[in-house]
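Inspection log for the structure reproduced underneath, given as structure tokens.
The values are calculated or read from the model by the stated rules, or taken from the named source; none is laboratory data. Not measured: the values here are computed from a predicted model. Ideal geometry is used to build each Cβ from the backbone, glycine not excepted, and the neighbour counts take in all protein chains shown.
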Amino acid sequence: LYRPTKRLGEGGHSLVNPLKRGAGVSNILVARLDDLVKLWNLPAPNLVKIDVEGAEIGVLRGMTDLLENPALNSIVCETRTPGPLVAPETVTEHMVSALLKERGFIEESRSPAGTGGNYDILFLRCGECCDISNLVVQAFH
């Protein structure tokens, strides 16, 4: 985990290719969400929030079983809009949207998340949009 400063508890940490190498590096335990749900015999969530500073695709690949589970009907993912200040290897909203579209999710809404082109994007499972979008969008904003 790359940290932008030596102080813990501040944002901007990253697991992948940070533009600026952090003032500190920490070893952390990483687990697939599918594995944790199985290991602890948890029910599938109906909402997942992803805010992982560039590791979104890895997180989504670690929850393939959950993405197929009809109980999961919404995902909120903070992601980045491509632009001139975004490194080419940076995971962008287009990459996340494409992967989720393949799994049956569509973008319902988005709102700015901080500065610099980050957005919280709400994805809903196709077919669920009409039933739950009003409730989720109200809670999201």
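When the stretch 35-80 is filtered for residues that are surrounded by fewer than 15 Cβ atoms within 10 Å (Cβ to Cβ) and β-branched (Val, Ile, Thr), only Thr64 remains.
Of all residues in the stretch 90-129, those that are aromatic (Phe, Trp, Tyr) and modelled with pLDDT under 90 total 1.
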